[in-house]
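Q: The structure that follows is given in the form of structure tokens.
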Amino acid sequence: MVTPALAASLLSPAPATAPSATPPVGRIHLSKAEVTEVEEAYVLDALRSGWIAPLGPHVDAFEAEVAELVGVAGALALSSGTAALHLALLDAGVGPGDVVPLSSLTFAATVNAVVYTGARPVFVDSRASDGNVDVDLLVDAVDTLRSEGHRVPAVLPVDLLGRCVDYTRLLPAMDRRGVVVVEDAAEALGARHAGGGAGSFGRSAAISFNGNKIMTTSGGGMLLSDDLELLARARYLSTQARHPVPWYEHTEVGYNYRLSNLLAALGRGQLERLPSMIDRRRAIRARYAEALAPFDDVRLLGRSDGDTDADDNCWLTTVVLDRPGATVADDLVTALTAADIEARHVWKPMHRQPVFACDRAFVTGGSDELFRTGVTLPSGASLRDDEVERVVDELVGYLGR
Ligand SMILES: *Cc1c(COP(=O)(O)O)cnc(C)c1O
């Protein structure tokens, strides 16, 4: 039972930890969510308003605010980024017998969404500079597959680690071929390319609010598009394909994919603070860049490319060690883990995953090379300066050995 005393203690601000001369030593996380009184106020409002049921005013406002930020006509709040990808692919007419070329260097969710439709993925390799899909190779894959008689209704480029694909070249090429572009912008909210926001480039796009992303609803996602009819149809499919009549009437199989009002409230708090959270991640990246500058064979992923750093949302800063050996990334991850610092390999390419071993791939070796040499570093907005310095010390010490 919640007694009045317990309720009061829950509502009072969290006790401030006393500043100490020697910072506490503890595990440093890769991308821990940061929540403040801003989020508390939004969630409390949702609770007190009585809108506990799914849907409600925070959902509507959250959709409008994200659509405005990205620069699209509308948005549909969903239970995950994967759900958004699934609905986007269904809209593109993807189904059994089709193939969908996509980035091999990605999280499994991108591929899983293709498989949910009954289609099969075809993996396309990445550029070594930023890890994003090689656009020429993607175009080549579409043409080759079509010349062999495959149906290719859509492609699924991924804005890797918060940096947009080269849509300036990709969109006209797919337009000419009549191929729908679905943008997986799950990691890229707040990033930009050629003046447009990540999530505004395909016919539709998915973003994710999973716990470790640039902002979170503790779990959730959104489908974005300029096509309001597309969004209306996705909205209908995401609520069990219920027809708007007084009884339950169904002519199609639907999904239970909507985001709740409570989680949308949390998202609105996070969205309000998104610019400052991105600024913090950018400052952390700048510190890593400065510390790594003396090492000729070490670079940060994305920096050797033409896009400006301001276009990047700096979600996860990734260090690439251009050094020989099969276990370059492995050894660094092991060393940082031993110092209680969470660091991870970049995504293991999907064409290397046992579950997709029998699927087709167009490879040049770019993603394999990044998997061998790339490590994502702690990048969360809640990292303190002394924690960043601890990572820098371990990293520089390791590299100089
Ligand atoms: C996180 C992620 C997804 C899936 O988003 P969820 O909200 O976890 O379902 C899809 N694609 C990429 C590239 C991701 O990083």
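Q: Is there a residue in region 183-190 that is open to solvent by 10 Å² or more (accessible area, probe 1.4 Å), within 15 Å of the ligand (Cβ to nearest atom) and aliphatic (A, V, I, L, M)?
A: Taking every residue of region 183-190 in turn, at least one turns out to be open to solvent by 10 Å² or more (accessible area, probe 1.4 Å), within 15 Å of the ligand (Cβ to nearest atom) and aliphatic (A, V, I, L, M).
Q: Looking at HIS243 and the list (1) under 23 Å from THR376 (Cβ atoms); (2) at pLDDT below 95, which single condition is not satisfied?
A: All conditions are met except number (1).
Q: Answer yes if at least one residue in region 262-277 is more than 16 Å from the ligand (Cβ to nearest atom), more than 24 Å from the chain's Cα centre (by Cα), at pLDDT 95 or above and surrounded by fewer than 23 Cβ atoms within 10 Å (Cβ to Cβ), and no otherwise.
A: no
Q: Something else about it: Test each condition in (1) within 16 Å of the ligand (Cβ to nearest atom); (2) closer than 22 Å to PHE62 by Cβ for GLY302 and report the one that comes out false.
A: (2)
Q: Does LEU228 qualify as being in contact (Cβ under 8 Å) with a residue 40 or more places away in the chain and crowded, with 18+ Cβ neighbours inside 10 Å?
A: No: the conditions fail for LEU228.
Q: Considering only region 135-175, state which residues are within 24 Å of the chain's Cα centre (by Cα) and hydroxyl-bearing (Ser, Thr, Tyr).
A: Those that are within 24 Å of the chain's Cα centre (by Cα) and hydroxyl-bearing (Ser, Thr, Tyr): TYR167, THR168.
Q: Which members of region 197-212 meet the condition of being near the ligand (Cβ under 9 Å from one of its atoms), modelled with pLDDT of 95 or more and assigned to a loop (DSSP other than H, G, I, E, B)?
A: Result: PHE209, ASN210.
Q: Here's something else I'd like to know. Counting just the residues of region 381-401 that are touching a strand residue (DSSP E or B) at 6+ places or on another chain (Cβ under 9 Å) and more than 20 Å from PHE295 (Cα to Cα), which one comes out surrounded by the fewest Cβ atoms within 10 Å (Cβ to Cβ)?
A: The residue in question is GLU387.
Q: Given the criteria over 16 Å from SER204 (Cβ atoms), assigned to a loop (DSSP other than H, G, I, E, B) and away from the ligand (no atom under 11 Å from the Cβ), does GLY93 qualify?
A: no
Q: Let me confirm something: among ALA77, ALA88, ALA67, which residue is touching a residue at least 12 places away in the same chain (Cβ under 8 Å) and either more than 16 Å from the ligand (Cβ to nearest atom) or not assigned by TED's automatic domain parsing to the domain that holds ARG233 (or both)?
A: ALA67
Q: So the check is Cβ under 7 Å with 6+ separation or different chains; which pairs have a first residue in region 118-130 that's free of Cβ contacts under 8 Å to residues at least 40 places away in the same chain and in the same structural domain as LEU160 (by TED's automatic domain parsing) and a second one that's part of a loop (DSSP other than H, G, I, E, B) and crowded, with 24+ Cβ neighbours inside 10 Å?
A: The qualifying pairs are ALA119/VAL94.
Q: Could I ask something else about it? Evaluate region 167-180: report whether one residue or more is among the acidic types (Asp, Glu), crowded, with 24+ Cβ neighbours inside 10 Å and modelled with pLDDT of 95 or more.
A: No, every residue in region 167-180 fails to be among the acidic types (Asp, Glu), crowded, with 24+ Cβ neighbours inside 10 Å and modelled with pLDDT of 95 or more.
Q: I need the full set of residues from region 324-360 which are of a type in the set (Gly, Ala, Ser), assigned to a loop (DSSP other than H, G, I, E, B) and open to solvent by 30 Å² or more (accessible area, probe 1.4 Å), in order please.
A: Hits for region 324-360 are GLY325, ALA326, ALA357.
Q: Conditions: (1) modelled with pLDDT of 95 or more; (2) open to solvent by 30 Å² or more (accessible area, probe 1.4 Å). ASP45 meets all but one. Number of the miss?
A: (1)
Q: Which residues, counting only those in region 96-107, are touching a residue at least 24 places away in the same chain (Cβ under 8 Å), more than 11 Å from the ligand (Cβ to nearest atom) and either part of a loop (DSSP other than H, G, I, E, B) or not assigned by TED's automatic domain parsing to the domain that holds ALA186 (or both)?
A: Answer for region 96-107, where residues must be touching a residue at least 24 places away in the same chain (Cβ under 8 Å), more than 11 Å from the ligand (Cβ to nearest atom) and either part of a loop (DSSP other than H, G, I, E, B) or not assigned by TED's automatic domain parsing to the domain that holds ALA186 (or both): GLY97, ASP98, SER104.
Q: Restricting to region 108-120, name every residue that is open to solvent by less than 10 Å² (accessible area, probe 1.4 Å) and more than 13 Å from the ligand (Cβ to nearest atom).
A: ALA119
The values are calculated or read from the model by the stated rules, or taken from the named source; none is laboratory data. Nothing here was measured: the structure is a model prediction, and the numbers come from that model. Here the Cβ is made from the backbone with ideal geometry for all residues, glycine too, and neighbour counts use every protein chain on show. Just so you know, the surface numbers come from the protein's heavy atoms only, side chains and all, with ligands and any DNA or RNA stripped out. Shrake-Rupley method; radii C 1.70, N 1.55, O 1.52, S 1.80 Å.
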